[in-house]
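Report on one structure; see the data block that follows.
The values are calculated or read from the model by the stated rules, or taken from the named source; none is laboratory data. For clarity, every value in this text was computed on a predicted model and none was experimentally measured. Counting neighbours? That spans all protein chains shown, and the Cβs are built from the backbone with ideal geometry, glycine included. Only protein heavy atoms, including side chains, enter the accessible area calculation; ligands, DNA and RNA are left aside. Shrake-Rupley method; radii C 1.70, N 1.55, O 1.52, S 1.80 Å.
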Amino acid sequence: MQRSFASALIALLMLLPVWAPAERQPLAVLELTSCNAFSGNVNALAQAINQPFIAMGVNGWLSQVTACPNLTGVDVNKPLRLIVLPPETEGLPPVTAAILPLLDQGELMLGALRGAFETSTQDGDIHAFTGA
């Protein structure tokens, strides 16, 4: 029960910058079996089409779209969800939010985020990070 609560808090942390009003419906929702399964499938595809360089950036891409440095604190063997929302301002790129399974109560991920961003603030259970 405690682990689920921590996962929900981290999900809120990841969604906070893109909290969507009702008119901002997701453009896409991508559910992955796990980070490891996704990496393995991309690697198999890359080998099948003889383009091994395709698989080289998978974990970096996952780190980037989840805003989680090196996937630190993420349980890479459990399902995750990526949500693509339209931008708040026309002409900007879409915004990505992630719902991630955690290895612990969120301490590993919070430490990684604090190290990756210039400033962090906390209001109760809500953490905000700025200045990457």
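Name every residue in the range 114-132 that is part of a strand (DSSP E or B), touching a helix residue (DSSP H, G or I) at 6+ places or on another chain (Cβ under 7 Å) and loosely packed, with under 12 Cβ neighbours inside 10 Å, in order of residue number. The answer is Ile126, and nothing else.
Across the range 20-54, the number of residues qualifying as among the hydrophobic types (A, V, I, L, M, F, W, C), at pLDDT below 90 and in contact with a Leu (Cβ under 9 Å, 6 or more places away or on another chain) comes to 2. May I ask you to verify whether Leu102 is modelled with pLDDT of 90 or more, under 13 Å from Val29 (Cβ atoms) and touching a helix residue (DSSP H, G or I) at 6+ places or on another chain (Cβ under 6 Å)? No: the conditions fail for Leu102.
Per the conditions (1) out of contact with any helix residue (DSSP H, G or I) (no Cβ under 8 Å at 6 or more places or on another chain); (2) of a type in the set (S, T, N, Q); (3) over 28 Å from Arg24 (Cα atoms), the sole criterion not satisfied by Thr89 is (3).
Of all residues in the range 47-74, those that are within 30 Å of His127 (Cβ to Cβ) have Cβ atoms under 7 Å from Cβ atoms of residues that are in a loop (DSSP other than H, G, I, E, B) and open to solvent by less than 20 Å² (accessible area, probe 1.4 Å), 6 or more apart or on another chain, in Thr66/Leu100; Cys68/Leu100; Gly73/Gly106; Val74/Cys68; Val74/Leu100; Val74/Pro101.
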